[in-house]
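Worksheet for the structure shown next.
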Amino acid sequence: DAMVIQNPRYQVTQFGKPVTLSCSQTLNHNVMYWYQQKSSQAPKLLFHYYDKDFNNEADTPDNFQSRRPNTSFCFLDIRSPGLGDAAMYLCATSSRQGAWNNQPQHFGDGTRLSIL
Amino acid sequence: GENVEQHPSTLSVQEGDSAVIKCTYSDSASNYFPWYKQELGKRPQLIIDIRSNVGEKKDQRIAVTLNKTAKHFSLHITETQPEDSAVYFCAASPLAGNQFYFGTGTSLTVIP
C-alpha cells in the first residue's frame, strides 16, 4: 500500500543531544510537512516543503531544521533537544497542483520523542 | 497567519444522538477545510472535507457545512456509535499556500 512511513516509532535522546527523525512516502506527493503534537493538543505545523522549496513557520524555533534530499524522503533534525521538545512528531504529505487544488493530507504514524 | 478556533473541547453524547462540532477561521483566503479523526496513539485520519465553493457536503452519517461569510464550518455526526469516540480536529488551508492550520480539537465520547 502507498503510505507515509516514519522511523523510528519511538525515539529516546538525551538533553542537548542532536536527533534526526525520518519520513518516507510512496505517494509521490510534492508537499511534505512536519508537525509537533503534544499530549491533548492539536498538531502544530513546524514547516513544509513544496517540492524543494522550504517553508518555515514564523514561530518554529531555530532548534528545528529539516532536509528533503528527494521527493520520497524528509528529515526533521532537532539540534539541541530540550525537555519541552518531548512530543509526537507527525509527518504528512499532500499533492498540490494548483491554487484551487488543495488535497487532503496523509499522515504517518508519528515518532514519539522522549528526552532524558 | 491563520487562526482556527474549535468548540467544544469535550463533548459527550448518548449512542444514537447527534454530535456537532464548530470551527471558526480568521483568514478569508482559506478555501479548503478538512476534518480529521484521531484515536488515541494513532495518526489523524481524514473523515470529510469541504471546499469554499460548496456550502454543504455529506458522507453517510457525517456532514460538514460551511458559511464563508461568517467564516465558520461545522461537523455533524448523526446516529453516533461508540466507535465514533475519538478526538476530532478541523483544519483550514489557504488558497495561496500549502499550509494546514488545525483547530484545538474536540474529544468526543459516545456513551453506549
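Amide H to amide H, with H built 1.01 Å from N, residue B:27 comes under 5 Å of B:3, counting only residues 5 or more places away or on other chains.
Which of the residue pairs A:52/B:22; A:44/B:42; A:44/B:37 have a Cα-Cα distance greater than 27 Å in the structure shown? From the list (A:52/B:22; A:44/B:42; A:44/B:37), the Cα-Cα distance tops 27 Å for A:52/B:22.
On a per residue basis, the protein assembly as shown carries 48 Å² of accessible surface, using protein heavy atoms and a 1.4 Å probe.
Spin-label pair residue A:51-residue B:71: with each label point 7 Å from Cα along the Cα-Cβ axis, the two points sit 3.1 nm from one another.
Modelled label positions at residue B:58 and residue A:114, each set 7 Å beyond Cα in the direction of Cβ, lie 4.8 nm from each other. The H on the amide N of residue B:48, modeled in the peptide plane, is under 5 Å from the matching H of B:35, each at least 5 residues off or on a different chain.
Excluding same-chain residues fewer than 8 positions from residue A:17, which aspartates and glutamates have a Cα within less than 16 Å of its Cα? Straight-distance partners of residue A:17: A:62, A:77, A:85. Per-residue surface analysis assigns residue A:9 an accessible area of about 100 Å², computed on protein heavy atoms at 1.4 Å probe radius. Applying the Karplus relation 6.51 cos²θ - 1.76 cosθ + 1.60 with θ = phi - 60° to the stretch A:82-94 yields 3J(HN,Hα) values of x, 4, x, 8, 5, 5, 8, 10, 10, 9, 9, 10, 8 Hz, where x marks Gly and Pro.
Between the DSSP loop rule and a limit of at most 15 other Cβ atoms within 10 Å, which trypsin sites (Lys or Arg not before Pro) in the stretch A:26-83 are left?
Details: sites: A:38, A:44, A:52, A:67, A:79; in loops: A:38, A:52, A:79.
Answer by residue number: A:38, A:52, A:79.
When chain B is treated as a GNM, springs tying every alpha-carbon pair under 10 Å, which of B:97, B:41, B:55 comes out with the largest mean-square fluctuation? Result for chain B, Cα springs under 10 Å: B:41 fluctuates most. When A:54, A:64 are compared by accessible area of protein heavy atoms, the largest-first order is A:54, A:64, using a 1.4 Å probe. Distant-in-sequence amide contacts of residue A:31, defined by a placed amide H-H separation under 5 Å and a gap of 5 or more residues or a different chain, comprise A:51, A:94, A:96. Backbone phi angles across the stretch A:45-54, fed through the Karplus curve with coefficients 6.51, -1.76 and 1.60 (θ = phi - 60°), yield HN-Hα couplings of 5, 8, 6, 8, 10, 10, 6, 9, 7, 8 Hz in residue order; Gly and Pro are listed as x.
The values are calculated or read from the model by the stated rules, or taken from the named source; none is laboratory data. Quantities reported herein were computed from a predicted structural model and do not represent experimental measurements. Backbone-built Cβ (ideal geometry, glycine too); neighbour counts: all protein chains shown. In case anyone asks, the SASA skips ligands and DNA or RNA and just uses the protein heavy atoms, side chains included. Shrake-Rupley method; radii C 1.70, N 1.55, O 1.52, S 1.80 Å.
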